[in-house]
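**Student:** Encoded as structure tokens, here's the structure I'll be asking about.
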Amino acid sequence: MCTGPLNTFFDFDIFPPYWATHTTSLLFMAKSSTREQGWSAHILLPFRIFQHHGLLPPVTQDFKQPLMSYMARKQAKMKYKFGEKLRTIRERKNLTLKDVARKVGVSESLISQIERNKVSPSTDTLLFIADVLDIDYEYLFSDYRQKRKVAIVKRSERDRISRNKMTIQQLSVATTGTTDPAIEAFLLQIETGGEKGDREYGHTGWEFGVILKGQAQLIYGNEVYNLDEGDSISFPSDIPHLFKNNGPDLLEAIWVVAPPRGTFST
């Protein structure tokens, strides 16, 4: 096996067991530590140079077959493919493969292979190409964005709490596999004279409400706000506040609290 200065230029990856019988070959089938190269550069360049100096055995069909098979398996396992987007935008900007390769600092062959989804680039290389082509990262990864989980609360399945002339119906729940949502939303129904809140204490966060029906009054610290159907209101909730029905009919409002206070926690 060759050692010494050659090891300075190559970091050695582990290949299939087949290569264990070709230790000299294994030594040079590696990525350059100074700049990522395509498969062709991994294979052809080292073989031509080192074979010329008698450092590698002859390249026989017996030697090539497992290598080609390994490369095919690597390509088949590629889950994330960005080539089509990169090529489309490069061509739209009238840039050649050579232009992009020069700006990124890699071989033209590598850019071509990435665009054809023949190789999977490192994160650094991919983002560097995106910068050169002025591609928004959100657009680049849009095909692989994790789908947001959706939670639906059926009207007939809402949790309810009733007390002191007030009914609270739960409108928001945590989705499966996630932590509690960032907000707590509910439908408030308050009978005439009923109220929600506290005149003496507030709590951390914000509240937001929309009056769906009736008339309401918010006592916020030393201030009083009167609200009618269709009005909305928001405020930091660290100030003591009291929300009450000061009208003759049932008061209904959508109310949102952030962060959640665990009104429906068991």
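**Student:** Just checking, how many residues over segment 126-164 are part of a loop (DSSP other than H, G, I, E, B), of a type in the set (V, I, T) and without any contact (Cβ under 8 Å) to a residue 40 or more places away in the chain? Write out each step before concluding.
**Tutor:** The initial filter retains those residues of segment 126-164 that are part of a loop (DSSP other than H, G, I, E, B), namely 133-136, 141, 145-154, 158-159, 164.
When the remaining residues are screened for being of a type in the set (V, I, T), the result is 135, 150, 152-153.
Okay, now just the ones that are also without any contact (Cβ under 8 Å) to a residue 40 or more places away in the chain, so 150, 152-153.
Of the residues in that region, 3 qualify.
**Student:** Residues being surrounded by 10 or more Cβ atoms within 10 Å (Cβ to Cβ) and either among the hydroxyl-bearing types (S, T, Y) or farther than 19 Å from I89 by Cβ (or both): count how many of those fall in segment 125-161.
**Tutor:** The number of residues fulfilling the criteria is 12.
**Student:** Check segment 216-223 and report whether any residue there is in contact with a strand residue (DSSP E or B) (Cβ under 6 Å, 6 or more places away or on another chain) and within 11 Å of L188 (Cβ to Cβ).
**Tutor:** yes
**Student:** May I pose another question? Being among the basic types (K, R) and either in contact with a helix residue (DSSP H, G or I) (Cβ under 8 Å, 6 or more places away or on another chain) or buried (at least 20 other Cβ atoms within 10 Å of the Cβ) (or both) is the requirement here; does R87 meet it?
**Tutor:** Against the criterion (among the basic types (K, R) and either in contact with a helix residue (DSSP H, G or I) (Cβ under 8 Å, 6 or more places away or on another chain) or buried (at least 20 other Cβ atoms within 10 Å of the Cβ) (or both)), R87 qualifies.
**Student:** Only one of T192, T263, T204 is surrounded by fewer than 18 Cβ atoms within 10 Å (Cβ to Cβ), outside the structural domain of D159 (by TED's automatic domain parsing) and touching a residue at least 24 places away in the same chain (Cβ under 8 Å); which? Let's see the steps before the verdict.
**Tutor:** On the way: T192 fails: outside the structural domain of D159 (by TED's automatic domain parsing); T204 fails: outside the structural domain of D159 (by TED's automatic domain parsing).
From the options T192, T263, T204, the qualifying one is T263.
**Student:** Moving on. Do we have Q75 as surrounded by fewer than 12 Cβ atoms within 10 Å (Cβ to Cβ) and either under 13 Å from V132 (Cα atoms) or at pLDDT below 90 (or both) here?
**Tutor:** When the stated conditions are applied, Q75 does not pass them.
The values are calculated or read from the model by the stated rules, or taken from the named source; none is laboratory data. Values in this document were obtained by computation on a predicted structure and should not be read as measured data. Please note: Cβ atoms are built from the backbone with ideal geometry, for glycine as well, and neighbour counts cover all protein chains shown.
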